Amino acid sequence: QVQLVESGGGLVQAGGSLRLSCVASGITFSLYHMGWYRQAPGKQRELVADITTGGSTDYADSAKGRFTISRDNAKNTVFLQMNSLQPEDTAVYYCNARSGVLVWGQGTRVTVSS
């Protein structure tokens with residue numbers, strides 16, 4: 001069974017940091033590009049950061065300089081280090097895995113208070 005499980009969300013004050021994790025099972029993790037997306041209330045889901053099988057990364061403009069995506073293929077895990085969080089970063093954060101097929105996790109909620 002293919003599964004992505006996110007964790008690490010929570011409540012943090014503006015300027016704080018969080019590290020999200022997404023553990024994959026049921027897939028050959030190293031063959032999948034991985035991404036972090038977020039969906040704020042009333043808004044569409046949007047890309048935050050992406051990392052390819054080769055380790056190349058891409059970030060939304062809002063994430064550049066503050067967020068870092070990384071992966072550990074030995075642990076089937078992708079991370080999102082988020083620094084200098086702002087209230088506008090409040091959202092449910094989802095990871096996805098893609099390699100021909102697309103798999104989504106259930107999301108982890110991040111709330112940033114001002």
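The values are calculated or read from the model by the stated rules, or taken from the named source; none is laboratory data. Please read all numbers here as calculations on a predicted model, not as lab measurements. Cβ atoms come from the backbone with ideal geometry, glycine included; neighbour counts cover every protein chain shown. These accessible areas exclude ligands, DNA and RNA; they are computed on the full protein's heavy atoms, side chains included. Shrake-Rupley method; radii C 1.70, N 1.55, O 1.52, S 1.80 Å.
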Among the residues of the range 1-32, the number that are assigned to a loop (DSSP other than H, G, I, E, B) and touching a residue at least 12 places away in the same chain (Cβ under 8 Å) is 11
Checking Gly35, Gly65, Gly55 in turn, the sole residue that is farther than 27 Å from Ser113 by Cα and either in a loop (DSSP other than H, G, I, E, B) or not hydrophobic (A, V, I, L, M, F, W, C) (or both) turns out to be Gly55
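Does Leu47 satisfy the criteria of being part of a strand (DSSP E or B), modelled with pLDDT of 95 or more and either of a type in the set (A, V, I, L, M, F, W, C) or within 11 Å of the chain's Cα centre (by Cα) (or both)?
Considered against the rule, which asks whether it is part of a strand (DSSP E or B), modelled with pLDDT of 95 or more and either of a type in the set (A, V, I, L, M, F, W, C) or within 11 Å of the chain's Cα centre (by Cα) (or both), Leu47 comes out as yes.
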Looking only at residues in the range 63-114 that are more than 11 Å from Met34 (Cα to Cα) and aromatic (Phe, Trp, Tyr), which one is farthest from the chain's Cα centre (by Cα)?
Phe67
Listed by first then second residue, the pairs whose first member lies in the range 51-76 and is within 17 Å of Glu88 (Cα to Cα), whose partner is open to solvent by 40 Å² or more (accessible area, probe 1.4 Å), with beta carbons under 6 Å and at least 6 positions apart or on separate chains, are Ala60/Leu47; Arg66/Asn83; Arg66/Ser84
If I filter the range 68-88 for residues that are open to solvent by less than 30 Å² (accessible area, probe 1.4 Å), under 20 Å from Gln1 (Cα atoms), assigned to a strand (DSSP E or B) and touching a Leu at 6+ places or on another chain (Cβ under 8 Å), do I get at least one hit?
no
